[in-house]
Amino acid sequence: MIKMLNRQVGYLILIIALVACSAKSGKDSGTQDVAPVSVEVPVFDADSAYAYVERQVEFGYRVPNTPAHRATADYLAAELKRHGAAVEVQEGTVTAYDGTELSIRNIIGSFSPEKKNRILLFAHWDTRPYADNDADKSKHRMPIAGADDGASGVGVLLEIARQVGQKLPDAGVDIAFFDAEDYGAPYWAQTSDEDTWALGTQYWTRRPHKPGYRARFGILLDMVGGTGAKFRHEMFSEYYASGIVKQVWETARRLGYGSYFVDEKGGYVTDDHVYVNRYGIPSIDIIACWRETETGFPPYWHTVDDTMKNIDPATLKAVGQTVLTVIYEE
């Protein structure tokens, strides 16, 4: 994703002009202002999620067309199956910004696939081939470990899959790991085409794993494991699915995680959820938003320092328990 938090006003106006006729209210975005039903929600295991993050990093750089990428894909599909999901691995080829053909795998695990009332949880599992935001320019063409940017969201969802496999919620749950999200054009490509990002998700929207697939709403997890992370309202999420944003942030506050889920506006982030929204599923992005950096992202974003040293089980817990509670209270 070309994760830029400060968008130009003109671009926002264009977006509004294109989609204003189909803008969704909070109620239409999959939530209603009703008190949550009292249900037993599983306890999210932060240590388990941390181990899932660490295991992905151990595979190495999960860059498409590499052995580490293929091995990680096999592992993710096997873990979803082990937890009881019906798994589909969508294999395909996409073209990167520079013409490189990338062999991708979108991995989708479905719980209670027979149910029509469904929730989509998703994250990208690949890692960026370039550390193009590193302070050391000599490292700009080096790949990143992606402990937070990629592995953290997947780690949380694998732990959620483990819990869902033990106790099914009322709604059907689909967990999607989308590929080739972070292969977007670097600065030296001299292009501002944002569609060079999220290639796996774009592929899926053209060829969903189930013809006509629909979910009531979707939640994207991206960079959800960093120490000191703050999650502010991502503004494409507010536009397309404000009701879901409200539901998730209020749930977090009720659970005692208000210091993580800050009730403030963040920025506009071009991420996987943008394309899922365009497909027709109202979706939000839970993503770290930093006020202290120029990019609006953690200081290790797209650098060689995106390693396990930045991952905090407490952050994984705040996100994971919040999302678990949302899906079990549906």
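The values are calculated or read from the model by the stated rules, or taken from the named source; none is laboratory data. Just so we're clear, the structure is a prediction, and the values are computed from it rather than from any experiment. All Cβ positions, even for glycine, are placed from backbone atoms using ideal geometry, and neighbour counts span all protein chains on display. The protein model used for the area step is the full one, side chains on, heavy atoms only, and it has no ligands, DNA or RNA in it. Shrake-Rupley method; radii C 1.70, N 1.55, O 1.52, S 1.80 Å.
Restricting attention to segment 70-83, the residues that are open to solvent by less than 60 Å² (accessible area, probe 1.4 Å) and not hydrophobic (A, V, I, L, M, F, W, C) add up to 4. Contact annotation: residue pairs with Cβ atoms under 9 Å, 6 or more positions apart or on different chains, pairing a residue in segment 255-283 that is over 22 Å from Glu329 (Cα atoms) and of a type in the set (Phe, Trp, Tyr) with a partner that is part of a loop (DSSP other than H, G, I, E, B) and modelled with pLDDT under 95, are Tyr268/Met4; Tyr268/Leu5; Tyr268/Asn6; Tyr268/Arg7.
Taking (1) of a type in the set (D, E, K, R); (2) more than 17 Å from the chain's Cα centre (by Cα); (3) under 20 Å from Gly153 (Cβ atoms) in turn, Asp272 satisfies each apart from (2). The combined condition, being without any contact (Cβ under 8 Å) to a residue 40 or more places away in the chain, in contact with a strand residue (DSSP E or B) (Cβ under 8 Å, 6 or more places away or on another chain) and surrounded by fewer than 22 Cβ atoms within 10 Å (Cβ to Cβ), is not fulfilled by Val94. Within the bounds of segment 293-315, is there any residue that is within 14 Å of the chain's Cα centre (by Cα) and crowded, with 22+ Cβ neighbours inside 10 Å? Checked segment 293-315: no residue is within 14 Å of the chain's Cα centre (by Cα) and crowded, with 22+ Cβ neighbours inside 10 Å. Can you name every residue in segment 110-136 that is among the polar types (S, T, N, Q), assigned to a loop (DSSP other than H, G, I, E, B) and out of contact with any helix residue (DSSP H, G or I) (no Cβ under 6 Å at 6 or more places or on another chain)? Correct list: Ser112, Asn117, Asn133. Please verify whether segment 205-217 includes one or more residues that are open to solvent by less than 30 Å² (accessible area, probe 1.4 Å), modelled with pLDDT of 95 or more, polar (S, T, N, Q) and not in a loop (DSSP other than H, G, I, E, B). The answer is no, given that none of the residues of segment 205-217 is open to solvent by less than 30 Å² (accessible area, probe 1.4 Å), modelled with pLDDT of 95 or more, polar (S, T, N, Q) and not in a loop (DSSP other than H, G, I, E, B).
With respect to the conditions (1) in a loop (DSSP other than H, G, I, E, B); (2) out of contact with any Asp or Glu (no Cβ under 8 Å at 6 or more places or on another chain); (3) of a type in the set (Val, Ile, Thr), Val262 lacks only one, and its number is (1). All told, Glu58 falls short of being surrounded by 16 or more Cβ atoms within 10 Å (Cβ to Cβ), acidic (Asp, Glu), closer than 21 Å to Ala145 by Cβ and out of contact with any Asp or Glu (no Cβ under 8 Å at 6 or more places or on another chain). Considering each residue of segment 7-30 in turn, none proves to be at pLDDT 50 or above and not in a helix (DSSP H, G or I). Across segment 316-330, which residue is surrounded by the most Cβ atoms within 10 Å (Cβ to Cβ) among those that are within 16 Å of Val53 (Cα to Cα) and out of contact with any Gly (no Cβ under 7 Å at 6 or more places or on another chain)? Here the answer is Val319.
Does any residue of segment 228-240 turn out to be out of contact with any Cys (no Cβ under 8 Å at 6 or more places or on another chain), open to solvent by less than 10 Å² (accessible area, probe 1.4 Å) and under 22 Å from Tyr50 (Cβ atoms)? Yes, there is a match, as at least one residue in segment 228-240 is out of contact with any Cys (no Cβ under 8 Å at 6 or more places or on another chain), open to solvent by less than 10 Å² (accessible area, probe 1.4 Å) and under 22 Å from Tyr50 (Cβ atoms). Filtered by the rule that a residue be closer than 17 Å to Leu121 by Cα, in contact with a Ser or Thr (Cβ under 6 Å, 6 or more places away or on another chain) and assigned to a loop (DSSP other than H, G, I, E, B), segment 218-230 gives Val224, Gly225.
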